[in-house]
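Beneath this line is the structure, given in structure tokens, with notes to follow.
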Amino acid sequence: MIKPTIKTVTPSSADQAVSTVALAFSADPAARWLYPDPHQYIVNFPSFVRAFGGKAFEQGSAYSIDGCSGAALWLPPDVHPDEEILVGLIQRTVSNERQEEIFGVLGQMGSYHPSEPHWYLPLIGVDPALYGKGYGSALMKHALIQCDRAKKLAYLESSDPKNITLYERHGFELLGTIQVEASPPIFPMLRKPQVGARRQLDESVNWMSSQ
């Protein structure tokens, strides 16, 4: 069995990673609440991915696995989603009556971010045709090694309740629930650095890491 390889996604190859993430979120409750119409989703969600997590490509913190079968977009400490582009996108592509709810959700998401420097995972996804191969866990471990080495917090929001147990297995703890009116629940989660577990994580993914 050929073991998968994790690589850093450069800005020149970002399109493939964006497509993988958009495909992965095609049945996600929050993503489809944002764009319930299939055509609307296909047209607009890739732009949402770039606004929300696209700075990872510039920072060298976007990762793909096994030919972009999965991708994770991490934002380093003090790097944030492009709020101006994100707001403009929502204003252009979402009906006025739903924008208040959406901006309310985004506001609550911001309130859960730790005040101290932390790594933020806006988006991680695997091609649905390849679920069950461990790609998501491998991508997660790859980045968490760096968090532990630097003794930094890691933060994410799980937009699908089915993924909470996966994140908990990687050391994340549930902080609460984000919900505004008819929006699906979103679950903010925080992980403290686990220096004692670093060696085990290093060994588990050392064979699959390639820059």
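Number of Lys pairs in the chain with C-alpha atoms less than 16 angstrom apart, excluding same-chain neighbours closer than eight positions? Qualifying lysine pairs in the chain: 9.
The share of alpha-carbon pairs in the range 27-87 lying farther apart than 17 Å comes to 48%.
Taking a ≥ b ≥ c as the square roots of the eigenvalues of the Cα gyration tensor, the range 8-131 is classed as oblate, since a/c reaches at least 1.5 and a/b does not exceed b/c.
Approximating the spin labels as points 7 Å out from Cα along Cα→Cβ, the residue 162-to-residue 10 distance works out to 3.6 nm. Provide the per-residue ³J(HN,Hα) series for the range 142-147, in order, calculated from phi with Karplus coefficients 6.51, -1.76, 1.60 and θ = phi - 60°, each as a whole number of Hz, with x at glycine and proline positions. Residue by residue, the range 142-147 yields 4, 7, 5, 4, 5, 4 Hz. Mean residue ellipticity at 222 nm, helices only, the chain: -13500 deg cm²/dmol; runs of at least 4 DSSP H residues each add -39,500 (n - 2.57), and the sum is divided by the number of residues. FRET efficiency for residue 84 and residue 27, Cβ-Cβ distance as r, R0 = 35 Å, nearest 0.05? Plugging the Cβ-Cβ distance into 1/(1 + (r/R0)^6) gives 0.75. Relative to its Kirkwood radius, the Cα radius of gyration of the chain gives an Rg/Rh of 0.94.
No lab work stands behind these numbers, since they all come straight from the coordinates. Nothing here was measured: the structure is a model prediction, and the numbers come from that model. Backbone-built Cβ (ideal geometry, glycine too); neighbour counts: all protein chains shown.
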